[in-house]
Amino acid sequence: MDARDGASTPIRAGTSTGTRTGTSTRTGNGTGNGTGIGSGVAARARWDIGFGAVMLAGALLALFVWFPSDIRTGFIFTNAIGRVEPGDAFFPVLLASVLAALGAVQILIALTRRGPPGAPRRLTGANLRFLAELLGIVLAGLVVIYWLGPIVVAALGALGVLEGGYRLYTDTAPYKYLGFLAGGLGMTLALIWRTEGGLRRASLLSVVLVLLASILIFDVLLKNVLLPPNAEF
């Protein structure tokens, strides 16, 4: 009895003390980390919600106040010969609608998704480098969109295959599609790769389908619209 009591008492005391100490330690850490993580998540959520709200409010202001009072022909209009064409507000309304949808989605995601543990509460050097990389990808894509077609036409002209400058081919396939397809595909896939850390077959297929749909809508169906950058030449 004495041996069992002597053996069991230290074990119970040690176990109980260890358990209480561990529980107390976990509670302390949980409180500390919970406060830090919670405040970090809350701070980031406030920024995300604020960014989405500003984008949504600006887009709605443009759609319902600015465009109706400043743009005359509206979204769709009928020209002098009776042809239905996109009005001056066509592309601004599309852009503002997309921005409004993105702002609403941004707010919804910020309200429903929890941030990762240890999320930074302020901009860091890594954040700025990431933004700079994304900006570099976009600028490189825009350069390809703008200059690939003219460069190819100039090269073929130097070889005697084509005559004249790029202005003569802004509405001629395949030259009018070169910059839009190559630059749009490269830029979008590069952005997906950088943000997701890789590329999936579904991503490639989605980008190709969006580009083809854009060509179908803005080049085939809308006769008086030129794909970028053809209207600039």
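The values are calculated or read from the model by the stated rules, or taken from the named source; none is laboratory data. The shown structure was predicted, so the numbers you read here are calculated from the model rather than taken from an experiment. Please note: Cβ atoms are built from the backbone with ideal geometry, for glycine as well, and neighbour counts cover all protein chains shown. Each accessible area value is taken on the protein alone, full model and side chains, heavy atoms only, with ligands, DNA and RNA left out. Shrake-Rupley method; radii C 1.70, N 1.55, O 1.52, S 1.80 Å.
Quick one: in region 196-227, which of the residues that are among the hydroxyl-bearing types (Ser, Thr, Tyr) and touching a residue at least 12 places away in the same chain (Cβ under 8 Å) is farthest from Tyr169 (Cα to Cα)? Quick ask: steps written out before the conclusion?
Initial filter on region 196-227 (among the hydroxyl-bearing types (Ser, Thr, Tyr)): 203, 206, 214.
Right, trim to touching a residue at least 12 places away in the same chain (Cβ under 8 Å) and you get 203, 214.
On the way: Ser203: 31, Ser214: 19 Å.
Here the residue is Ser203.
Tell me whether region 70-81 contains one or more residues that are open to solvent by 80 Å² or more (accessible area, probe 1.4 Å), under 30 Å from Leu111 (Cα atoms), modelled with pLDDT of 75 or more and part of a helix (DSSP H, G or I). Explain how you work it out, then say what you get.
Pass one, region 70-81, residues open to solvent by 80 Å² or more (accessible area, probe 1.4 Å): 70, 72, 75-76, 78, 80-81.
If we keep only those that are under 30 Å from Leu111 (Cα atoms) as well, we get none.
No, region 70-81 has no match at all.
Considering each of Leu209, Leu131, Leu123, Leu204 in turn, give the residue that is farther than 30 Å from Ile76 by Cβ, at pLDDT 90 or above and among the hydrophobic types (A, V, I, L, M, F, W, C).
Working: Leu209 fails: farther than 30 Å from Ile76 by Cβ; Leu131 fails: at pLDDT 90 or above; Leu123 fails: at pLDDT 90 or above.
Among Leu209, Leu131, Leu123, Leu204, only Leu204 is farther than 30 Å from Ile76 by Cβ, at pLDDT 90 or above and among the hydrophobic types (A, V, I, L, M, F, W, C).
So that you can scan it fast, the table gives a plain yes or no per residue for (1) on the phi > 0 side of the Ramachandran plot; (2) open to solvent by 40 Å² or more (accessible area, probe 1.4 Å); (3) part of a helix (DSSP H, G or I):
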residue: Ala132; (1), (2), (3): no, yes, yes
residue: Gly164; (1), (2), (3): yes, yes, no
residue: Leu185; (1), (2), (3): no, yes, yes
residue: Ala213; (1), (2), (3): no, yes, yes
residue: Leu226; (1), (2), (3): no, yes, no
residue: Ala231; (1), (2), (3): no, yes, yes
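Restricting the search to region 187-211, which residues are open to solvent by 50 Å² or more (accessible area, probe 1.4 Å) and part of a loop (DSSP other than H, G, I, E, B)?
Gly197, Leu199, Arg200
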